[in-house]
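Okay, so here's the structure we're looking at.
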Amino acid sequence: MTPISATSPAPGPAPAQGPRELAACVRAIIDAQEPQVAGWHTAEPPDAGPAAEPAPAADLGVLRALAASQHLANFRLWHVEDQARRTDVGPEVIADCKRRIDGLNQRRNDLIERVDACLVALLTPFIPEGAAARHNTETVGMALDRLSIVALKIYHMDEQARRQDADAAHREACARKLAVLREQRDDLARAVLELLDDYARGLRRPKVYYQFKMYNDPALNPALYARRGE
């Protein structure tokens, strides 16, 4: 499958957007995550996704772009987290990593909420009247975020399983972990599609869960607003 770019979709005729098409779109998003990780290690794209829009449209193309942007935020976060563990650099480098991690985490969480908002907008017209007001412990957006991280783990564990500068025991241990990661990815992907089916059948209702991160907000973090009067 061709990887989905972390950019806005090209304009074109609007396709059908029922529950079946939504499930196919989410399946395509999941299937694209591993190829995207591989491709971004060769050429990381600029992020021109629609994250700044106030309200995601009920559109499958917007959903794909939001999911790709969220995945790209995780890709960048992974590699900054690696740099933050270095012990051969000064504290100013680690402090810069910390600030970048905070920003990327905020973007990642904002995009999870936007993915869920887009999914709710897409699903709401098709939810049967009188559908049960039951909610899952995890939203589809949160699950796609977990799958994004699993895709990153699979890529990097596969690298470790093929390392020629490591001994055979290391490669074998990583190969076993890689098999577990792939099984977990398949299990979670299946659970996401089953949850979408529950929504379409009226067994559950989708909902956006806002995390309201406080540490990046100068109006909510006392370590930031307390210094204004100094």
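No lab work stands behind these numbers, since they all come straight from the coordinates. These numbers were taken from a predicted model, which means no experiment stands behind them. When we count neighbours, we look across all protein chains shown, and the Cβ atoms used for this are built from the backbone with ideal geometry, even at glycine.
Taking every alpha-carbon pair under 8 Å whose residues sit at least 6 apart, the stretch 19-210 reaches a relative contact order of 30 percent. Straight-line cross-link reach from K177 at under 16 Å between alpha-carbon atoms covers these lysines, not counting any fewer than eight positions away in the same chain: K153. If only the Cβ of Lys and Arg carry +1 and only the Cβ of Asp and Glu carry -1, the dipole of the stretch 19-210 around its Cα centre is close to 300 debye. Estimated from helices alone, the mean residue ellipticity of the chain at 222 nm is -21500 deg cm²/dmol (sum of -39500 (n - 2.57) over DSSP H runs with n ≥ 4, per residue). How would you classify the chain from its alpha-carbon gyration tensor, with a ≥ b ≥ c the square roots of the eigenvalues: rounded for a/c under 1.5, else prolate if a/b is greater than b/c, otherwise oblate? Oblate is the answer for the chain, as a/c is 1.5 or above yet b/c matches or exceeds a/b. Packing-based ranking of 195-208, 90-103, 177-190 yields 195-208, 177-190, 90-103, ordered from highest to lowest mean Cβ neighbour count within 10 Å.
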